[in-house]
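Heads up: the structure comes next, in structure tokens.
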Amino acid sequence: MPKHIAILGSTGSIGTQTLDVVRANPEELVVEVLTANQNADLLIKQALEFLPNAVVIADSSKYKEVNNALAAHDIKVYAGVDALSQVVQMGTIHTVVTAMVGYAGLQPTIKAIEAGKHIALANKETLVVAGDLITRLIQEHNVFITPVDSEHSAIFQCLTGEPEKIEKIILTASGGPFRTKTIDELKLVKKAQALKHPNWEMGAKITIDSASMMNKGLEVIEAKWLFGVKNQQIDVVVHPQSIIHSMVQFTDGSIKAQMGLPDMKLPIQYALSYPDRWHTDFPRLDFNVCQNLTFEQPDLEKFQCLALAYQALEKGGNTPAIINAANEIAVEAFLSDKIGFLHIPELIEKAMNGISFVKSPSYADYVASDTETRRFVKSLI
Ligand code: NDP
């Protein structure tokens with residue numbers, strides 16, 4: 001029986017690669033829903049190829065364009081942000097791939113879980129903002145979550161068959177394009193340099209997060225919730241070659257690693273094939289070519305975003321939601337040339353100190369913290 005999937009954010013980097021996986025596995029996967037924010041052209045093209053049950057364009061001003069282009073087909077067209085939360089509840093959907101970027105992914109993910117859908121989770125911001133709430137809902141609704149992030153997929157694969165007796169999780173980080181730069185050099189880096197990741201082709205926001213190492217910080221928080229470990233059980237090691245995607249050290253000292261060439265289609269496919277593995281024709285890792293695997297400690301003085309994420313993890317409550325919102329606004333401002341690269345951690349730190357702390361936040365508290373932080377950081381820019 002093929003799995004029927006909805007892809008939230010089908011026009012992005014993860015979304016388009018998920019569709020590559022569908023193309024390669026037409027017997028296994030059927031597309032029910034595709035969604036985009038503004039990219040009507042690509043959404044239409046995808047809809048004409050995959051003929052889903054429904055599409056959503058979050059930007060309502062593009063509704064007419066999408067609706068007209070798909071009028072001759074039996075495809076429902078919806079518009080607006082609320083439609084994302086409604087469409088994930090469709091009875092025919094088995095798994096929702098959350099490939100939207102940022103906080104906007106939170107509400108549709110909650111609605112999908114409440115409707116009993118399995119989640120293939122790429123949108124790490126969801127777990128960063130409201131990890132406790134999401135984990136509770138997952139248990140309550142008895143749904144399954146498979147990670148798409150390559151590091152978390154690696155850990156998930158290491159834990160398959162023996163999910164207990166974890167001593168620690170070792171998240172690998174490439175170190176990004178600025179690994180070898182000095183703090184003085186970082187003050188002057190430009191958008192174009194930050195957007196050039198050495199190993200991965202990704203959307204703009206996560207590429208900047210990788211350059212600042214905030215991405216690794218968000219992943220540490222994501223790992224805590226996905227694997228139910230204590231904060232001290234999560235280590236980060238810089239591994240510039242991105243061949244080892246992450247590791248688990250067990251209580252007997254043994255370490256399992258998952259390895260492969262950096263290609264997001266692999267973790268995306270595993271998130272959809274689990275517990276099965278499907279054949280791929282992807283290039284294989286050749287140890288005769290790749291001879292040097294190196295490791296180093298992350299520099300927390302240089303990459304303050306990672307240090308701030310550790311602090312947020314320790315403090316808990318709504319602090320991860322605050323750093324997430326502050327980071328989203330700061331990255332947007334950096335991408336619009338309004339601030340320098342090192343202003344990103346500065347703004348995040350100010351938000352951490354400036355926004356009121358809530359120890360046990362409700363959903364409404366998360367929403368309020370997000371709104372308040374965005375306003376606060378925008379006022380500083
Ligand atoms: P992209 O920016 O490439 O794509 C984002 C997608 O979300 C697009 O389809 C975009 O639509 C849609 N979108 C953006 N904002 C909104 C909104 N407000 N409402 C509705 N839809 C929206 O991002 P990535 O694919 O790189 O990343 C997606 C998620 O996956 C992120 O959370 C990221 O951290 C995570 N991730 C990504 C990896 C990667 O390799 N790219 C690796 C691991 C995790 P439109 O095209 O119309 O703008």
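Neighbour counts of C-beta atoms inside 10 Å place LYS216, LYS124, LYS378 in the sequence LYS378, LYS216, LYS124, starting with the fewest.
For THR16 and GLN38 in one chain, what is 0.36 nm times their gap in residues minus the Cα-Cα distance, to one decimal in nm?
Gain on extension, THR16 to GLN38, equals 6.4 nm.
How large is the Rg to Rh ratio of the stretch 117-181 when both quantities use alpha carbon positions and Rh follows Kirkwood? Looking at the stretch 117-181, the ratio lands at 1.04. The length gained on full extension between ASN288 and GLU164, counted as 0.36 nm times the residue separation minus their Cα-Cα distance, comes to 41.2 nm.
Sorted largest first, the principal axis extents computed over the alpha-carbon atoms of the chain equal 57, 52, 41 Å.
Among beta bridges identified by DSSP and lying wholly in the chain, the antiparallel ones come to about 25 percent. Net length available on complete extension from ARG375 to VAL237 is 46.2 nm, with 0.36 nm assigned per residue and the Cα-Cα distance removed. Pop the C-beta distance of GLU185 and THR280 into the FRET formula with R0 = 45 Å and round what comes out to the nearest 0.05. FRET efficiency, GLU185 to THR280: 0.70. As a proxy for reagent exposure, ASP370, ASP337 were ordered by neighbouring Cβ count within 10 angstrom, fewest first; the result is ASP337, ASP370.
Computed from backbone phi with θ = phi - 60° and the Karplus coefficients 6.51, -1.76 and 1.60, the 3J(HN,Hα) list for the stretch 106-122 is 4, 5, x, 5, 4, 5, 5, 5, 4, 8, x, 7, 6, 10, 9, 9, 9 Hz; x is used for glycine and proline. Working from label points 7 Å from Cα in the Cα-to-Cβ sense, the ASP252 to GLN297 distance is 3.1 nm.
Along the stretch 162-172 the Karplus relation, 6.51 cos²θ - 1.76 cosθ + 1.60 evaluated at θ = phi - 60°, assigns HN-Hα couplings of 8, x, 10, 6, 7, 8, 7, 9, 10, 7, 8 Hz to successive residues, with x for each Gly and Pro. Across ALA40, ALA24, ALA194, mean-square fluctuation computed from a Gaussian network of the chain (C-alpha pairs under 10 Å connected) peaks at ALA24.
For the chain, relative contact order (Cα pairs under 8 Å, six or more residues apart, normalised by length) works out to 14 percent.
Reducing the stretch 179-251 and the stretch 1-54 to their Cα centroids gives an inter-centroid distance of 28 Å. For TYR363 and ASP82, a Förster radius of 22 Å and the Cβ-Cβ distance give a FRET efficiency of 0.90, rounded to the nearest 0.05.
As a proxy for reagent exposure, MET259, MET202 were ordered by neighbouring Cβ count within 10 angstrom, fewest first; the result is MET259, MET202. With 28 Å as the limit on Cα-Cα distance, the pairs of LYS191/LYS230; LYS205/LYS378; LYS196/LYS302; LYS3/LYS64; LYS64/LYS191; LYS117/LYS191 that go past it are LYS191/LYS230; LYS3/LYS64; LYS64/LYS191; LYS117/LYS191. Annotation note: GluC sites (Glu not before Pro) in the stretch 1-45 located in DSSP loop regions with a Cβ neighbour count of at most 10 within 10 Å are GLU27. For the stretch 131-191, the list of GluC sites (Glu not before Pro) that fall in a loop by DSSP and count at most 15 other C-beta atoms within 10 angstrom reads GLU164. For the chain, the Cβ-based charge dipole about the Cα centre amounts to some 520 debye (Lys, Arg positive; Asp, Glu negative; other atoms uncharged).
For LYS165, the aspartates and glutamates whose Cα falls under 17 Å of its own Cα, not counting residues fewer than eight places away in the same chain, are ASP235, ASP252.
Phi angles across the stretch 341-355 convert, under the Karplus curve 6.51 cos²θ - 1.76 cosθ + 1.60 with θ = phi - 60°, into 3J(HN,Hα) values of 4, 7, 6, 4, x, 4, 5, 5, 5, 4, 5, 4, 7, x, 9 Hz, Gly and Pro given as x. Charged side chains reduced to their Cβ positions (Lys and Arg at +1, Asp and Glu at -1) give the stretch 130-257 a dipole of some 520 debye around its Cα centre.
Bear in mind that the values in this text are calculations on the coordinates, not laboratory data. Keep in mind the model is a prediction, meaning the values are calculated, not measured. Virtual Cβ from ideal backbone geometry, glycine too; neighbours counted across all protein chains shown.
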